[in-house]
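Peer 1: What follows is a single structure, and I will ask about it in a moment.
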Amino acid sequence: MPAPLLQLKEVTKRYAASGGADGVSVLAGITLEVARAETLAIVGPSGSGKSTLLQIIGTLDRATSGEVLLDGKNLAALDDLQLAAVRNQQIGFVFQSHYLLPQCTVIENVLVPTLAQSKAESRKLKAEIPAACAERLLKRVGLGERLHHRPGQLSGGERQRVAVVRALINQPQLLLADEPTGALDHASATSLGQLLVELNKEEGVTLIVVTHAMELAKRMARVLTLSDGRLAEAPSTNIQAPEKLQ
Ligand SMILES: Nc1ncnc2c1ncn2[C@@H]1O[C@H](COP(=O)(O)OP(=O)(O)O)[C@@H](O)[C@H]1O
Ligand SMILES: [Mg+2]
């Protein structure tokens, strides 16, 4: 069996106390394996640590203890510069807010992550040149006519699709999405969820989605619940109707 793309072993996270406050223990020992090209949803109530977990997986934060292995590399052993390279090359992020640069066009926004790397490094194993890849993916998500528009000229759903393309532009192994449909109307949320799963298949990118929207979570092959700092298989009887959560 091929090694999993991602392995977490007894990962804990504790935020240190500040001022007179007590410290908070958010993750109490997370063990998880995610295979290449798999789709996984992590659900759980607000404040249960979903974003914290995704940020640790995405190298935006470090675990307090335990191990995170991405493609066999132990993230704890990497310095900040090495982590930044992993984040840029191997991981794509989509958040609830699109974080597009308002003064840049759609295609310029999509190309931003390609600026942070040398040409040799960026395209070592990747045949496609960035601008061609940007155009192909923007067409794929239905924005072929919007390449030179600015974010302010797009709908919320269109902006979020630009954010998805930007997350994929360096052809990462892992796409992490934190409440990606949280700011969208129901129709846009439905089509974004569908698009994420299609791109997972077409681009072969592993997809981890954190959400409280069961309609989105149920599109993923596996759904895990985070509560009391631990992950468990989501029992189907506890799954609320999507319309209550959208
Ligand atoms: N940087 C931080 N410092 C201190 N506490 C934090 C920090 N980030 C998150 N927390 C706390 O950790 C808990 C989990 O937060 P979060 O991961 O954002 O949950 P979720 O995404 O599931 O809503 C919350 O109690 C939150 O207040
Ligand atoms: Mg969150």
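Peer 1: Filter segment 83-101 for residues that are within 16 Å of ligand 1 (Cβ to nearest atom) and part of a strand (DSSP E or B) and give the result. If you could, list the steps in order and put the result at the bottom.
Peer 2: Initial filter on segment 83-101 (within 16 Å of ligand 1 (Cβ to nearest atom)): 93-97.
Of everything in segment 83-101, those that are within 16 Å of ligand 1 (Cβ to nearest atom) and part of a strand (DSSP E or B) turn out to be PHE93, VAL94.
Peer 1: Further question on the same structure: Restricting segment 54-82 to residues that are aliphatic (A, V, I, L, M) and within 20 Å of SER25 (Cβ to Cβ), which is farthest from ligand 1 (Cβ to nearest atom)?
Peer 2: So the residue we want is ALA76.
Peer 1: For segment 80-92, indicate whether the set of residues that are surrounded by 18 or more Cβ atoms within 10 Å (Cβ to Cβ), modelled with pLDDT of 95 or more and on the phi > 0 side of the Ramachandran plot is non-empty.
Peer 2: no
Peer 1: Hey, can you tell me all the residues within segment 56-79 that are in contact (Cβ under 8 Å) with a residue 60 or more places away in the chain and surrounded by fewer than 20 Cβ atoms within 10 Å (Cβ to Cβ)?
Peer 2: GLU67, LEU69, ASP71, GLY72
Peer 1: Same structure, new question: Just the residues that are among the small types (Gly, Ala, Ser), more than 16 Å from ligand 2 (Cβ to nearest atom) and in contact with a strand residue (DSSP E or B) (Cβ under 9 Å, 6 or more places away or on another chain), please, taken from segment 133-191.
Peer 2: Matches in segment 133-191: ALA163, ALA167.
Peer 1: If you take the residues of segment 141-180 that are basic (Lys, Arg) and crowded, with 18+ Cβ neighbours inside 10 Å, which of them is farthest from ligand 1 (Cβ to nearest atom)?
Peer 2: Applying the filter and picking the extreme gives ARG146.
Peer 1: Then there's this: What number of residues in segment 157-186 are in a helix (DSSP H, G or I) and in contact with a Ser or Thr (Cβ under 6 Å, 6 or more places away or on another chain)?
Peer 2: Total meeting the criteria: 1.
The values are calculated or read from the model by the stated rules, or taken from the named source; none is laboratory data. What you see is a predicted model; the values in this text were computed from it and never measured. So basically every Cβ, Gly included, is an ideal-geometry build from the backbone, and we count neighbours across all protein chains shown.
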